[in-house]
Amino acid sequence: MMRAAVALAESGPRERFGPAAIEALMSPEPDIIGKAVVRRIMSMRFGSADEADLAKFIANTHRLLSRQLIDPSVPPAAPILFTTGEHDNLTPPALCRDLAFTCPESWYVEIARADHLIHLERPAQLVDLMTRYFSGEDFTELPYATVVEDLRRVPVHA
């Protein structure tokens, strides 16, 4: 779906680009918090995109889709917090969780009623999660999470 959105950004028809990009970024799941507001924000953003914005979208999306950005054979030296929305189609929970398992000092948190745009759909919850994580507070029982896993004690997959 993202490749189709890029093709529309590159060669049109331009009026179909925004809706295609939104469909690629947003889950069809009806139970996303703030879905209508986020859809309006994204529609305005993509609808007002100028040539420079489109060029950035095209370049960034090609970069993200064209190669593996993370080498899981070299675990990071720092602890990692992996999070995704429970309905994320672009970076699905299973994929994020599998990547989390390759990092020896990681946590995996799945945010309820969210998709790929957590920062717009559940901003207060995302800030709460990050604040707890970076301050070392407990976050094993989060009312807004469907899954919270401490992977620090789980053997790293080979």
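The values are calculated or read from the model by the stated rules, or taken from the named source; none is laboratory data. Note that the coordinates shown come from a computational prediction; the quantities given were computed from them, not determined experimentally. Note: ideal-geometry Cβ built from the backbone for every residue, glycine included; neighbour counts use all protein chains shown. Heads up: the accessible areas ignore ligands, DNA and RNA and are worked out on the full protein's heavy atoms, side chains in. Shrake-Rupley method; radii C 1.70, N 1.55, O 1.52, S 1.80 Å.
Quick notes on this structure:
- When Rg and Dmax are taken over the Cα atoms of the chain, they come to 17.2, 51 Å.
- Model label sites at SER135 and ASP150, defined 7 Å from Cα along the beta-carbon direction, differ in position by 1.9 nm.
- Accessible surface of ILE41 - all protein chains present, 1.4 Å probe, nearest 10 Å²: 70
- Centre-to-centre separation between the Cα atoms of segment 52-94 and those of segment 1-38: 17 Å.
- Leading residue at positive end of dipole, the chain (Cβ point charges), from ILE70, ASN60, CYS103: ASN60
- Among residues other than THR84 with Cβ under 13 Å from its Cβ, the summed charge is -4 (Lys and Arg +1, Asp and Glu -1).
- Apolar share of the accessible surface for segment 95-135: 62 percent from carbon plus sulfur atoms, 1.4 Å probe.
- Calculated mean residue ellipticity at 222 nm for the chain: -15000 deg cm²/dmol, from DSSP H runs with n ≥ 4 weighted as -39500 (n - 2.57), summed, divided by the residue count and rounded to 500.
- Enclosed volume per residue, in Å³, of the convex hull spanned by Cα atoms of segment 37-100: 129
- Distance distribution note for segment 18-60: the fraction of Cα pairs above 17 angstrom is 34%.
- For segment 1-85, convex hull of alpha carbons as volume per residue, Å³: 134
- Net charge over other residues, Cβ less than 12 angstrom from the Cβ of LEU8 (K, R count +1; D, E count -1): 0
- Peptides 110-117, 95-102 ordered by average Cβ neighbours within 10 Å, highest first: 110-117, 95-102
- Stokes-Einstein diffusion for segment 64-133 at 20 °C, viscosity 1.002 mPa s, with a Kirkwood radius from C-alpha pairs, works out to 166 µm²/s.
- For segment 48-158, the relative contact order is 26 percent, taking Cα pairs closer than 8 Å that sit 6 or more residues apart in sequence and dividing their mean separation by the residue count.
- Probe 1.4 Å, accessible area per residue of segment 78-147, Å²: 48
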